[in-house]
Structure formats: C-alpha cells, structure tokens
Amino acid sequence: MRQRLIPDYFFERVAQHPDSVAYADRVATAGGATWVTCDWRNYGVKVRKVAASLLAFGVTPGERIAILASNRSEWTIADMAAMAIGAVPVGVYTTSAPAQVEHILRDSIAAVLVLENDDHFVRLRDRLADCPALRHVVVIEGTDGLEGCTPWNVFVDRVEPKAAQAAVDEARAKLRPEQMASLVYTSGTTGAPKGVMLTHGNLVAITKMGLQALSERRPDDRVLSYLPLAHVAERGISTLGPAMAGYAAYFCRSIEELPTHLSEVRPTIFLGVPRLWEKIRHAIEEKARQAVLPRRILARWALATSSNVNGMSGRVSRTVADRLVLQRVRATLGLDQAHTVVTGAAPVSVDVLEFFARLGVEIRQVYGLSECGGPATFNRRGEGRRDSVGRPFDGCDIRVSDGGEILIRGPHVFDGYLGDEEATRAVMQDGWLRSGDLGSIDDDGFLTIKGRIKDVIITGGGKNVSPATIERRLVDHPYIADAVLVGDGRKFLTALLTFVDDVPQTLADVAGPGVILEPGDADVLRKHVLDVNKTLSRAEQVKRFTVLGSRFSTETGELTPTRKLRRAFICEKYAAEIDRMYSVAILAEDRATPNTATN
C-alpha cells in the first residue's frame with residue numbers, strides 16, 4: 001500500500017467530517033459584505049468537479065495548471081483538483097507584470113491557466129498568444145463575452161458528479177510519492193524566478209512539519225489567508241494544512257482589507273510577515289500618543305506592568321493590566337482568540353516581538369525557504385528565543401558550513417529546479433540544501449540568522465557588512481517604513497529611507513524628499529540614526545541617509561509579493577539619489593564641516 005498523499009488526506013477529511021466548516025469567502029451583498037462558509041462535503045464535490053473538468057479538457061498527469069488569482073476558494077479548489085489527478089499546480093502572483101507571467105507560463109509549459117477575472121485576461125491576452133503549450137484559459141469572474149477563455153461556472157459544470165467521482169478516484173489511485181506535485185516559483189529577488197519542483201512526498205513531509213508549529217488543536221480552528229497563495233508558506237497554511245488537520249481557511253482578497261477581516265474572523269492561527277507587525281505596532285503607538293492624558297497614562301502603565309511578572313504582586317498587576325487594557329487591544333486587533341501566531345519570510349526586530357509579548361501576543365519566528373517547501377526551524381511555545389528562529393522541525397536536519405552558510409536536509413527538500421540542472425547542483429551539496437543564508441547554531445540547537453550571503457556589502461575598505469540587522473534597527477522607529485543599506489565598494493555606508501503614511505508634517509518638511517541628511521541631534525530622525533550607530537562598529541555606521549518621496553511597494557517594484565526587498569532593483573531605480581550621497585560636492589563639504597557620525 002502506497003504512502004498517503006495530500007489528495008488522500010483531503011478526501012478522507014471530506015468523508016470523516018463532511019459537516020465541518022472547510023473555508024469561507026467574503027461575498028458582497030446589498031448591505032455590504034458577509035462571510036459565506038462551505039463545509040467539507042461541498043468542498044469535496046467542487047474539487048471532484050474541477051478535477052473531472054480538467055480531465056475532460058485533456059489534462060494528463062504531469063501537465064501544469066497555472067493559477068493567477070487573489071486569495072479565494074477557487075484558488076485552493078483548482079490547486080487540490082490538479083494534484084488529485086496528477087497534474088501540477090503553478091501559483092502566479094497577481095502583482096506579476098505581463099512579461100513575468102509569460103515567463104512562468106512558458107518556463108512551466110502550462111497547459112491551463114486559471115485567472116481571477118476578465119480584466120486579467122484582457123491585460124495578458126497578447127502575452128498568452130506567445131505561450132504555445134497553453135490550451136485553455138479559465139476565468140473565475142468571467143463572462144461569456146470574451147473569445148478565447150471559458151467562464152469558471154461553465155468549466156465546472158462540464159462533467160456529471162457521478163462520472164467526476166469515478167474518474168478522479170481512478171486518477172488519484174495512480175499517484176506516487178516521487179511524482180512532481182507542485183511548482184513554486186521563487187520571488188526573483190536576485191534574478192529570474194526559478195521553478196522549485198516539489199513532489200507529493202515532499203508535500204506530505206512539509207505539511208506534517210508545519211503542523212508541529214501549532215500550539216494546540218481546537219475543533220473551531222481557523223486561519224485568515226491573506227498572503228499570496230502562490231507563496232509556499234501561505235499555500236502550506238491555507239491549503240495543505242487544512243487538508244491534513246481540518247481547520248478552516250477564511251480568504252481575504254487584499255491586504256488593505258486585512259484589519260477589518262482580522263477583527264471579524266478572529267483567527268486562532270495567524271501568520272504575519274515582519275512588515276505587517278511593524279505597521280501594527282506603529283499604529284498602536286500612534287493611537288496611544290493621540291489619546292487623552294488619562295488613557296495615555298493607563299496604556300503606558302499597562303505595557304510597563306505586563307513586562308513584570310516576578311512575584312505575586314507582579315502577577316496580580318499583570319492580570320489587572322490585562323483586564324483593563326491589553327485584552328481590549330488584542331480584541332481590537334482580532335488576535336484575542338489566537339493560540340498560534342507566527343512570523344516568517346523576512347527578519348523581524350526583537351523589539352517588535354517584545355512589544356507584542358507585552359500585549360499578550362506571543363509571536364514565534366519560523367524559518368525556511370521555497371526549496372524546502374517552507375519549514376526548517378521554529379520556536380516552540382514556551383521555549384522560544386526572540387533573537388533566534390528556533391530549532392529544527394522534527395525530521396529536519398540543520399547545520400552550518402565552515403563558511404557560515406545554513407545547510408538543510410530532510411524529506412521536505414525539493415527535487416530540483418525545473419529545467420536547470422546547473423542551478424540545482426549549485427544549491428545541493430552531498431544531500432544538503434545550501435540555503436544562501438548566513439547563520440549560527442548555539443549549544444542548545446537554536447539557529448540565529450545573520451543575513452543573506454548575496455546581500456553582504458563589501459565596503460571599499462574591505463569590510464563585510466550584513467545589512468539585514470542594521471535595516472531592522474533603522475525601521476524600528478514609528479516614522480520609518482522602509483530602510484535599505486547601501487555601500488558596496490564605497491568608502492562608507494549610506495541608507496535610503498521612506499516614511500510611514502502618517503508622518504508629522506514638520507518632520508516631512510525637514511527630511512525631504514531627496515534631502516541628504518547626516519546623523520546628529522537636529523531632529524528626531526537624525527537622532528534615531530545616531531542612536532542606531534552607537535550600537536554598531538565604525539564600519540557598520542550609517543554616515544548619510546536620504547528619505548525618498550514614497551514608500552516601497554510591490555506595485556512600484558521595490559518589494560516582492562511577500563514584502564521582501566528587491567535590493568538590486570532599488571539600487572538601480574534610486575541610483576541618482578545614491579550617487580548624490582557620495583558626490584564630490586558633498587564630500588567637499590565634509591572637509592569643511594566634520595561629520596558628527598564619525599566623532
């Protein structure tokens with residue numbers, strides 16, 4: 001008897017818990033919008049019908065099914081249906097430019113493309129004509145008026161339910177653990193996206209590891225899905241995890257709607273990226289600053305008290321602070337019922353983790369990458385260290401090479417890059433996956449990340465500087481949204497900063513946009529950079545910085561869909577601003593006026 005695979009777990013869940021809630025979509029109504037749930041019985045019916053329709057389209061095992069849509073049930077239905085018949089789902093970010101979509105469709109040799117709506121089809125139509133393997137385009141919110149695509153409802157109703165069940169079960173019985181089950185394209189921070197091949201066996205190992213991070217299990221567990229489902233971590237927590245563990249996924253269409261949906265859904269399981277936590281923290285602090293004096297004093301007392309739990313009096317004070325203030329804050333955020341709150345995808349500041357701990361929200365770091373399907377290490381509940389990404393998941397081996405690179409081994413490690421044996425050989429070393437990350441492991445087995453090897457800045461003086469830690473400290477300020485350290489091959493380090501949306505006008509007037517500033521006491525921003533410099537070695541200090549006119553975003557290209565910095569793009573886009581910080585005129589002024597940062 002073969003190993004149980006993700007589609008097997010899914011249909012077992014359908015059979016054993018047919019009446020439990022499987023997912024919920026946010027649906028517009030005459031009065032606004034409401035959450036509409038679907039049970040596992042009907043979820044199973046929909047997956048079978050889509051799987052059978054794919055078979056009717058002539059899809060064969062191994063063929064690729066690309067999905068470009070926001071977080072919604074149709075995404076996960078198409079995903080599970082493709083896997084159930086041996087086809088290979090390929091997630092595509094909705095923020096991808098048409099040229100990027102074409103690259104993925106051509107590289108993956110996609111036979112079917114599932115799109116969000118007619119607008120996506122019109123935007124991509126010319127590019128789709130250059131994808132010779134593409135036979136069918138299905139539009140979820142489509143109409144019958146566009147030639148060259150099939151509306152979702154027409155596509156789903158192609159096959160009778162009884163015929164669907166038999167055909168899908170027959171195809172699923174032929175699945176094998178070594179078969180490719182999914183193609184996950186890297187975010188392309190350092191080049192063209194590569195197709196990460198994950199097998200059915202990989203996905204089972206990935207899901208079992210991921211479920212180890214749950215602090216507990218409850219019958220009413222639910223996750224709010226808002227990060228792109230094309231990303232390996234979000235897909236794992238919103239599609240694979242529910243299939244094996246049975247919790248419900250609530251689909252949030254956009255990050256702009258996240259605050260509202262958090263308070264409505266009150267998830268018990270929640271994954272947040274560092275930039276989200278930083279934004280929430282700054283919003284809470286700003287609201288506290290604007291509160292009337294008695295409330296401001298109470299908030300400060302509650303946060304200070306919550307960090308002191310020593311002795312009976314400390315525990316009593318903490319309980320009072322929690323009931324008077326902190327419970328209300330958690331409820332307002334929508335995290336008052338959450339038992340598992342994790343962060344990943346990028347480094348997070350220890351100060352941010354400590355702030356939320358004082359609120360009563362324990363955020364635990366997880367670490368991994370696409371090439372191992374997501375999980376590698378995590379902080380277990382009650383034993384986590386805020387300056388560490390934790391210890392390996394059970395079944396995963398971690399070690400650090402002599403050069404400081406983190407190496408990963410286990411049944412979740414990928415099967416290679418699609419069509420790129422050279423790139424595969426470059427990241428595999430005697431069965432170990434080379435992560436490209438620098439790190440260290442302490443005597444208790446806890447891993448600490450020091451940065452990306454490719455991100456290391458080598459100054460003109462030959463000093464190696466890892467920018468991630470310094471950037472985290474720079475961003476740890478209520479008015480700074482983004483920070484990018486610059487200085488490869490240069491005499492000293494500089495930084496590009498952006499402001500949060502609600503920065504005070506007086507500070508905005510002082511700092512730009514485009515005004516070159518130096519650390520010092522002239523205003524709160526320069527004082528903050530000076531304070532950060534005091535924690536750094538001389539070679540790591542920021543000598544100048546420029547505040548840009550707008551925040552980084554995925555739409556303008558500075559961030560990947562998972563909110564990671566695209567450093568090469570940023571340095572190219574803002575080359576003029578960077579050059580000005582190193583210009584001869586500015587350096588000439590230095591000789592007349594000593595730089596306060598170097599004193």
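Hey, does segment 432-442 have a residue that's in contact with a helix residue (DSSP H, G or I) (Cβ under 6 Å, 6 or more places away or on another chain) and not in a strand (DSSP E or B)?
There is no residue in segment 432-442 that is in contact with a helix residue (DSSP H, G or I) (Cβ under 6 Å, 6 or more places away or on another chain) and not in a strand (DSSP E or B).
Restricting attention to segment 266-288, which residues are open to solvent by 10 Å² or more (accessible area, probe 1.4 Å) and either closer than 27 Å to His17 by Cα or not hydrophobic (A, V, I, L, M, F, W, C) (or both)?
Correct list: Arg266, Leu271, Arg275, Glu278, Lys279, Arg281, His282, Glu285, Glu286, Lys287.
For segment 349-384, name all the residues that are part of a loop (DSSP other than H, G, I, E, B), more than 15 Å from the chain's Cα centre (by Cα) and under 20 Å from His339 (Cβ atoms).
Answer for segment 349-384, where residues must be part of a loop (DSSP other than H, G, I, E, B), more than 15 Å from the chain's Cα centre (by Cα) and under 20 Å from His339 (Cβ atoms): Gly360, Val361, Glu362, Asn379, Arg380, Arg381, Gly382, Glu383, Gly384.
Looking at (1) under 24 Å from Ser182 (Cβ atoms); (2) without any contact (Cβ under 8 Å) to a residue 60 or more places away in the chain, which one does Phe414 not meet, given that it meets all the others?
The single condition Phe414 does not satisfy is (2).
I need a count of the residues in segment 472-489 that are within 15 Å of Lys564 (Cα to Cα) and free of Cβ contacts under 8 Å to residues at least 60 places away in the same chain.
Count: 2.
Could you tell me which of the residues Asp394, Asp402 is over 22 Å from the mean Cα position of the chain (by Cα) and under 25 Å from Val273 (Cα atoms)?
Matching residue, one of Asp394, Asp402: Asp394.
Which of (1) under 19 Å from Val204 (Cβ atoms); (2) open to solvent by 60 Å² or more (accessible area, probe 1.4 Å) is the odd one out, the single condition Thr29 does not satisfy?
Checking Thr29 against (1) under 19 Å from Val204 (Cβ atoms); (2) open to solvent by 60 Å² or more (accessible area, probe 1.4 Å), the one that fails is (1).
Being more than 17 Å from Leu198 (Cα to Cα), modelled with pLDDT under 95 and open to solvent by less than 10 Å² (accessible area, probe 1.4 Å) is the filter here, so list the residues in segment 239-261 that pass it.
The answer is Cys252, Leu258, His261.
Collect the residues in segment 438-461 that are more than 27 Å from Val542 (Cβ to Cβ) and open to solvent by less than 40 Å² (accessible area, probe 1.4 Å), keeping them in residue-number order.
Gly445, Phe446, Leu447, listed by residue number.
Do we find a residue being among the β-branched types (Val, Ile, Thr), over 30 Å from Phe11 (Cβ atoms), in a helix (DSSP H, G or I) and at pLDDT 80 or above anywhere in segment 286-298?
no
Filter segment 37-88 down to the residues that are in contact with a Lys or Arg (Cβ under 6 Å, 6 or more places away or on another chain) and of a type in the set (Ser, Thr, Tyr) and list them by number.
Answer for segment 37-88, where residues must be in contact with a Lys or Arg (Cβ under 6 Å, 6 or more places away or on another chain) and of a type in the set (Ser, Thr, Tyr): Ser53, Ser70.
Could you grab me the full set of residues in segment 4-16 that are open to solvent by 50 Å² or more (accessible area, probe 1.4 Å) and within 30 Å of the chain's Cα centre (by Cα)?
Arg4, Glu12
If I ask for residues that are more than 28 Å from Leu559 (Cα to Cα) and either touching a helix residue (DSSP H, G or I) at 6+ places or on another chain (Cβ under 8 Å) or among the aliphatic types (A, V, I, L, M) (or both), which ones from segment 210-231 would you list?
Answer for segment 210-231, where residues must be more than 28 Å from Leu559 (Cα to Cα) and either touching a helix residue (DSSP H, G or I) at 6+ places or on another chain (Cβ under 8 Å) or among the aliphatic types (A, V, I, L, M) (or both): Leu211, Leu214, Arg217, Asp221, Arg222.
Quick check, is Leu229 part of a helix (DSSP H, G or I) and either out of contact with any Asp or Glu (no Cβ under 8 Å at 6 or more places or on another chain) or not β-branched (Val, Ile, Thr) (or both)?
no
Just checking, how many residues over segment 396-412 are farther than 14 Å from Lys450 by Cβ and open to solvent by less than 20 Å² (accessible area, probe 1.4 Å)?
So the count comes out to 4.
Does any residue of segment 249-259 turn out to be over 20 Å from Ala345 (Cα atoms) and more than 18 Å from the chain's Cα centre (by Cα)?
No; the residues of segment 249-259 include none that is over 20 Å from Ala345 (Cα atoms) and more than 18 Å from the chain's Cα centre (by Cα).
Do you know which of the residues in segment 462-478 that are in a loop (DSSP other than H, G, I, E, B) and among the small types (Gly, Ala, Ser) is least open to solvent (accessible area, probe 1.4 Å)?
Ser466
Test Val137 against the stated conditions and say whether it is more than 24 Å from Ala110 (Cβ to Cβ), open to solvent by less than 20 Å² (accessible area, probe 1.4 Å) and either assigned to a strand (DSSP E or B) or touching a Ser or Thr at 6+ places or on another chain (Cβ under 6 Å) (or both).
Spelling it out, it is not the case that Val137 is more than 24 Å from Ala110 (Cβ to Cβ), open to solvent by less than 20 Å² (accessible area, probe 1.4 Å) and either assigned to a strand (DSSP E or B) or touching a Ser or Thr at 6+ places or on another chain (Cβ under 6 Å) (or both).
Suppose we filter Ala69, Ala84 for residues that are within 24 Å of Phe251 (Cβ to Cβ), in contact with a Pro (Cβ under 8 Å, 6 or more places away or on another chain), hydrophobic (A, V, I, L, M, F, W, C) and open to solvent by less than 40 Å² (accessible area, probe 1.4 Å); which single one remains?
Checking each option against the conditions leaves just Ala84.
Return the total of residues in segment 528-572 being part of a helix (DSSP H, G or I), within 26 Å of Pro478 (Cβ to Cβ) and either out of contact with any Asp or Glu (no Cβ under 9 Å at 6 or more places or on another chain) or among the charged types (D, E, K, R) (or both).
So the count comes out to 3.
Just wondering, is there one or more residues in segment 414-425 that are β-branched (Val, Ile, Thr) and either farther than 18 Å from Thr186 by Cβ or part of a loop (DSSP other than H, G, I, E, B) (or both)?
no
Could you identify the single residue in Val196, Val223 that is β-branched (Val, Ile, Thr) and free of Cβ contacts under 8 Å to residues at least 60 places away in the same chain?
Val223
Just one of the numbered conditions (1) surrounded by fewer than 19 Cβ atoms within 10 Å (Cβ to Cβ); (2) within 26 Å of Leu258 (Cα to Cα); (3) modelled with pLDDT of 90 or more is not true of Thr60; which one?
The failed condition is (2).
Only residues in segment 337-358 that are at negative phi and open to solvent by less than 40 Å² (accessible area, probe 1.4 Å) count as the first member; pair them with residues that are acidic (Asp, Glu) and in a helix (DSSP H, G or I), Cβ under 9 angstrom, at least 6 apart or cross-chain, and list the lot.
From residues that are at negative phi and open to solvent by less than 40 Å² (accessible area, probe 1.4 Å), the pairs are Val348/Glu278; Ser349/Glu278; Val352/Glu278; Phe355/Glu285.
Are any residues in segment 202-238 surrounded by fewer than 19 Cβ atoms within 10 Å (Cβ to Cβ) and among the small types (Gly, Ala, Ser), and if so, which ones?
Ser215, the sole residue that qualifies.
The values are calculated or read from the model by the stated rules, or taken from the named source; none is laboratory data. From a predicted model like this one, the values you see are computed outputs, not experimental measurements. Every residue, glycine among them, receives a Cβ derived from its backbone with ideal geometry; neighbour counts consider all protein chains shown. What goes into the accessible areas is simple: the full protein's heavy atoms, side chains included, and nothing from ligands, DNA or RNA. Shrake-Rupley method; radii C 1.70, N 1.55, O 1.52, S 1.80 Å.
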